[in-house]
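Down below is the structure, laid out as structure tokens.
The values are calculated or read from the model by the stated rules, or taken from the named source; none is laboratory data. Bear in mind that the values here come from a model prediction, so they are computed numbers and not experimental data. Positions of Cβ are backbone-derived with ideal geometry, glycine not excepted, and every protein chain shown enters the neighbour counts. SASA here: full protein model, heavy atoms, side chains in, ligands and nucleic acids out. Shrake-Rupley method; radii C 1.70, N 1.55, O 1.52, S 1.80 Å.
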Amino acid sequence: MDSQQHTGQQHTDLDTVIVGGGQAGLALAYWLAKEGRDFLILDQHGRPGDAWRQRWDSLRLFTPAKYDGLPGWPFPGDRLAFPTKDQLADYLEDYVRRFDLPFVSGVHVEEIRSEEEGFVVAAGDRLWRTRNVVIATGGHRLPKRPAFAGELDPDILQLHSQDYKNPGQLRDGTVLVVGLGNSGAEIALDVRGSHSTVLAGKPSGEMPMKHGRAAARFALPVVKFLGVRVLTLNTPIGRKAAPGFKSMAAPLIRTKTKDLAAAGVQLVPRLAGVSEGLPVLAGGTKVEAANVIWCTGYQEEYSWVKLPVFDEQGEPRQTRGVADDVPGVFFIGQEFLFAAASATLPGVCRDARYLARRLATERRPDPDGRRDKETRLPMSR
């Protein structure tokens, strides 16, 4: 069945609902389909892969194609090439078709709540009842901007990196890019060809090797091994590193500060506030900007999950994606869910396999609607 033909009308007595149809949700869906589970994927976008299609035009992945495939189907083409965001989006859409995954598009989930022996997932007047629910949205639903962004002169065009597509959106004049993470560095380089560009911020670090085919062959396998197998919540070094991974921007991977300087991007201190409608840097210098692009990240927003599965900081209380306090609730795709790479394509593939095995320990319905005995599979590490 084609994914676009799933109408998403009311269903009852589902085994599992996956909220979020990005790479994390699809990786888990593959294993659930292999096991014959009765499940649905609910996604707010119009087509599989749209979360990637909507990002800026020149975006390419940092991981080579050999690490970008999901379970059951390697990413096609040159294994050492770095796919574009549209190539990945098309791959995800083709993945849904190839494995006939029950993907319901255009569903903005407004609430997950408990009901009797399971959960209700609500989107407008549509309801799905399920024994298990998997939150695969990544949690990063709201763009972050500093509070003083509203004080900028209304004649200054403001975009968040989520909304930036290409330099054609921008007004004539200087562009101030705020935030020197990977998004900020790559967008500043993209803009520099047509606009005078100022980049405010300080990187958390820089990958020591040059990004490219040689790195894909020799260095990135080591980085992948560390991110998937070493820096995990099962290891002392991983537990020590986890808070920093969640709170700090990733080190610059492809576009380094020397590349920005060579391209003519002006690197300046962090943005400190606004004065007389203009952005002001730490130290007091005003920037005569016609455009501001906020590359300031996202914040997790789980108010729509009406379940006691979060701590005082709003973080999921979970162990390797399994909610600690409410049986039947699972998470996948979040930053450092279990490993440093948990929000990346290689990381979600490993986490998906583990969660599928955990879900297999749940009681499963037989064709007549009765529950059979528990099916237990060995836990992978």
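Can you go through ALA185, ALA149, ALA215 and tell me which one is within 17 Å of ALA290 (Cα to Cα), in a helix (DSSP H, G or I), of a type outside the set (Val, Ile, Thr) and modelled with pLDDT of 95 or more?
Values: ALA185 fails: within 17 Å of ALA290 (Cα to Cα); ALA215 fails: within 17 Å of ALA290 (Cα to Cα).
Of the residues listed, the single one that is within 17 Å of ALA290 (Cα to Cα), in a helix (DSSP H, G or I), of a type outside the set (Val, Ile, Thr) and modelled with pLDDT of 95 or more is ALA149.
Do we have any residue at all in the range 369-377 that's modelled with pLDDT of 95 or more and among the hydroxyl-bearing types (Ser, Thr, Tyr)? Spell out the reasoning first.
At the first step, the residues of the range 369-377 found to be modelled with pLDDT of 95 or more are none.
No, that holds for no residue.
Consider only pairs whose beta carbons are under 6 Å apart and that are at least six residues apart or on different chains; among these, list those whose first residue lies in the range 162-178 and is under 17 Å from GLY297 (Cβ atoms) and whose second residue is small (Gly, Ala, Ser) and not in a loop (DSSP other than H, G, I, E, B).
VAL177/GLY184; VAL177/ALA188; VAL178/ALA200
For THR296, are the conditions met, namely being hydroxyl-bearing (Ser, Thr, Tyr), touching a residue at least 40 places away in the same chain (Cβ under 8 Å) and either closer than 22 Å to LEU170 by Cβ or buried (at least 18 other Cβ atoms within 10 Å of the Cβ) (or both)? Before you say what the answer is, go through the steps one by one.
Numbers: hydroxyl-bearing (Ser, Thr, Tyr): yes; touching a residue at least 40 places away in the same chain (Cβ under 8 Å): yes; either closer than 22 Å to LEU170 by Cβ or buried (at least 18 other Cβ atoms within 10 Å of the Cβ) (or both): yes.
Yes, satisfied.
For the range 40-62, what are the residues that are closer than 30 Å to GLY212 by Cβ, open to solvent by 40 Å² or more (accessible area, probe 1.4 Å) and not acidic (Asp, Glu)?
Initial filter on the range 40-62 (closer than 30 Å to GLY212 by Cβ): 48-62.
Right, trim to open to solvent by 40 Å² or more (accessible area, probe 1.4 Å) and you get 51-55, 57-58, 60, 62.
Those that are closer than 30 Å to GLY212 by Cβ, open to solvent by 40 Å² or more (accessible area, probe 1.4 Å) and not acidic (Asp, Glu): ALA51, TRP52, ARG53, GLN54, ARG55, SER58, ARG60, PHE62.
ALA343 is checked against (1) part of a loop (DSSP other than H, G, I, E, B); (2) aliphatic (A, V, I, L, M); (3) under 28 Å from TYR164 (Cα atoms); (4) at pLDDT 95 or above and fails just one. What number does that condition carry?
ALA343 satisfies all of (1) part of a loop (DSSP other than H, G, I, E, B); (2) aliphatic (A, V, I, L, M); (3) under 28 Å from TYR164 (Cα atoms); (4) at pLDDT 95 or above except (4).
Which of the residues belonging to the range 230-279 are within 25 Å of the chain's Cα centre (by Cα) and aliphatic (A, V, I, L, M)?
Once the filter is applied, which keeps residues that are within 25 Å of the chain's Cα centre (by Cα) and aliphatic (A, V, I, L, M), the range 230-279 yields VAL230, LEU231, LEU233, ILE237, ALA241, ALA242, MET248, ALA249, ALA250, LEU252, ILE253.
Residues are listed down the side, and each one gets a yes or a no for (1) within 30 Å of LEU271 (Cβ to Cβ); (2) touching a strand residue (DSSP E or B) at 6+ places or on another chain (Cβ under 9 Å); (3) open to solvent by 30 Å² or more (accessible area, probe 1.4 Å); (4) at pLDDT 95 or above:
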| position | (1), (2), (3), (4) |
| --- | --- |
| GLU301 | yes, yes, yes, no |
| GLU312 | yes, no, yes, no |
| GLY321 | no, yes, no, yes |
| GLY328 | no, yes, no, yes |
| ILE332 | no, yes, no, yes |
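The conditions are (1) modelled with pLDDT of 95 or more; (2) crowded, with 22+ Cβ neighbours inside 10 Å, and ALA122 fails exactly one of them. Which is it?
It is condition (2) that ALA122 fails.
Looking at the range 189-198, can you tell me whether even one residue there is outside any strand (DSSP E or B), under 30 Å from PHE310 (Cβ atoms) and open to solvent by less than 20 Å² (accessible area, probe 1.4 Å)?
Within the range 189-198, the subset outside any strand (DSSP E or B) is 189-196.
Okay, now just the ones that are also under 30 Å from PHE310 (Cβ atoms), so none.
No, the conditions are met nowhere in the range 189-198.
Would you point out which residue out of ARG79, ARG97 is surrounded by fewer than 20 Cβ atoms within 10 Å (Cβ to Cβ), under 23 Å from ASP351 (Cα atoms) and either in contact with a Ser or Thr (Cβ under 8 Å, 6 or more places away or on another chain) or among the acidic types (Asp, Glu) (or both)? Full working, then the answer.
On the way: ARG79 fails: either in contact with a Ser or Thr (Cβ under 8 Å, 6 or more places away or on another chain) or among the acidic types (Asp, Glu) (or both).
Unique residue meeting the criteria: ARG97.
Determine which member of the set LEU127, LEU142, LEU159 is touching a residue at least 12 places away in the same chain (Cβ under 8 Å), exposed (fewer than 15 other Cβ atoms within 10 Å of the Cβ), among the hydrophobic types (A, V, I, L, M, F, W, C) and assigned to a strand (DSSP E or B).
Numbers: LEU127 fails: exposed (fewer than 15 other Cβ atoms within 10 Å of the Cβ); LEU159 fails: exposed (fewer than 15 other Cβ atoms within 10 Å of the Cβ).
None of the others qualify; the one that does is LEU142.
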